[in-house]
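Participant: The structure's right below; bear with me while I get my questions together.
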Amino acid sequence: MRSIWNGAISFGLVSIPIKLVNATENHSISFRQVHLADGGRIRYRKVCELDEEEVSAAEIGKAYEDADGTMIPITDEDLAQLPLPTAKTIEIVAFVPADQIDPLQMDAAYYLSANGVPAAKPYTLLREALKRSNKVALAKYALRGRERLGMLRVVDDVIAMHGLLWPDEIRAPEGVAPDSDVTVRDAELDLADALMDTLGEVDMDSLHDDYREAVEELIAAKASGETLRPAASDDSGGGKVIDLIAALENSVRAAKESRGEGEGAESAEGGMADVHPIKRTSAKKTTHRTPTGKTVTRSSGSTTAKKSAPKSTGAKKSTSTAKKAGEKSTPRKTTGKTSTPTAKKTGAKKTTTKKTTAKKQTSASSSSSSSGGTTRKTSASSRKRASA
């Protein structure tokens, strides 16, 4: 990289030879002014307003215009006689924490390169001291005809310098804040915090100038004779009074969708899940009556309890089926009723058997008694014959 200034860093009694290199570059597309009639380029020439003649650079000097319009000439010799200790030196005046520097003061940025081998050791010493202290160095330097304020800090392994505006060059924000008092609700702050969390961090290398790319495409199309279609304008509603809560909610939703954290991610994180209907397949149905009087229909392993007397058409089929099933299962429930006549019959049979047995016993006893009487009579007659 080409240096734009050569000098030295004054670090106490230590002098570090350095070269100043631009740390940034401008990628803006510049245009030339042309004559619309014939496309000729418009050029500016330096002309003296008194004689209206063009003046060369060697004939041009410096002057300060007073309030009344009087020109006060200032020559280069006059400026050279002014005391300017920082003409070729970056003079460090203090070391302060980085948060004491207001970002509003930031101006151009430069890299400081060690100029020569002898400068390597003191350059490395200053760099490591800045790293260990976690501080930045405030310095003064002169560039392009004026003394400036700078801040030195470490970027990777290089000392960088940011040009700073002088404190009196920073304007106070008077009349910029809203005039009226505005109250912000907690709900609005919560949505704003949610939006900030959703947007999160970003890779700085992924950011680019979309407008510049569009201009380059336009130039390329014009050069090849093509015509680009105008892009659809994005009406973001600027200047319109909107519902702040709704706008924040929509912003959070859009940010989640752009980062792939839509409804599916919300469901995975405990949000509301989508409900999809389950397709039912036909299966064989079996119906039976429960002990509580309900008709139960089983289909594909699932059991659905129904009332025994529904009114719907579909329930009629289940009722008729339940009646058939009920007829089969009726003996189980009416066991007590059917057992009564059976018991009566059985009891009657037992009673009849007892009577028959009694009669047999009576006849047997009577026969045995009669036979016993006969035996006695026979034995008595035998005794009489023997005595005779």
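The values are calculated or read from the model by the stated rules, or taken from the named source; none is laboratory data. No experiment lies behind these values; they were computed from the predicted model shown. Neighbour counts are summed over all protein chains in view; Cβ atoms, including those assigned to glycine, are modelled from backbone coordinates with ideal geometry. For accessibility, only protein heavy atoms count, side chains too; no ligands or nucleic acids. Shrake-Rupley method; radii C 1.70, N 1.55, O 1.52, S 1.80 Å.
Participant: Specify the residue that is modelled with the lowest pLDDT; the eligible residues are those in the range 260-272 that are open to solvent by 90 Å² or more (accessible area, probe 1.4 Å) and either under 17 Å from ASP193 (Cβ atoms) or of a type in the set (Asp, Glu) (or both).
Facilitator: GLU269
Participant: Let me ask something else. I'm trying to understand the selection: among the residues of the range 247-259, which are among the hydrophobic types (A, V, I, L, M, F, W, C) and surrounded by fewer than 16 Cβ atoms within 10 Å (Cβ to Cβ)?
Facilitator: Once the filter is applied, which keeps residues that are among the hydrophobic types (A, V, I, L, M, F, W, C) and surrounded by fewer than 16 Cβ atoms within 10 Å (Cβ to Cβ), the range 247-259 yields ALA247, ALA254.
Participant: Go through the range 171-216 and count every residue that is in a loop (DSSP other than H, G, I, E, B) and of a type outside the set (Ser, Thr, Tyr). Break it down stepwise before answering.
Facilitator: Keep residues of the range 171-216 that are in a loop (DSSP other than H, G, I, E, B), which gives 171-185, 200-203, 207-209.
Cutting the leftovers down to of a type outside the set (Ser, Thr, Tyr) gives us 171-179, 181-182, 184-185, 200-203, 207-209.
Selection size over the range 171-216: 20.
Participant: From the residues in the range 95-135 that are outside any strand (DSSP E or B) and among the small types (Gly, Ala, Ser), which one is farthest from MET1 (Cα to Cα)? Let's see the steps before the verdict.
Facilitator: Start the filter on the range 95-135 by keeping residues that are outside any strand (DSSP E or B), which leaves 98-105, 115-134.
Then drop every residue that is not among the small types (Gly, Ala, Ser), which leaves 98, 116, 119-120, 129, 133.
Working: ALA98: 28, GLY116: 15, ALA119: 18, ALA120: 18, ALA129: 26, SER133: 29 Å.
So the residue we want is SER133.
Participant: GLN100 - would you say it is surrounded by 10 or more Cβ atoms within 10 Å (Cβ to Cβ) and over 22 Å from ASN115 (Cα atoms)?
Facilitator: Spelling it out, GLN100 is indeed surrounded by 10 or more Cβ atoms within 10 Å (Cβ to Cβ) and over 22 Å from ASN115 (Cα atoms).
Participant: THR198 - would you say it is more than 36 Å from the chain's Cα centre (by Cα), of a type in the set (Val, Ile, Thr), over 18 Å from ALA108 (Cβ atoms) and open to solvent by less than 80 Å² (accessible area, probe 1.4 Å)?
Facilitator: no
Participant: Give the residues of the range 122-144 that are on the phi < 0 side of the Ramachandran plot and surrounded by fewer than 14 Cβ atoms within 10 Å (Cβ to Cβ), sorted by residue number.
Facilitator: LEU125, GLU128, LYS131, ARG132, SER133
Participant: Now a separate question. Kindly evaluate VAL182 against the criterion of being of a type outside the set (Phe, Trp, Tyr), open to solvent by 90 Å² or more (accessible area, probe 1.4 Å) and within 36 Å of the chain's Cα centre (by Cα).
Facilitator: yes
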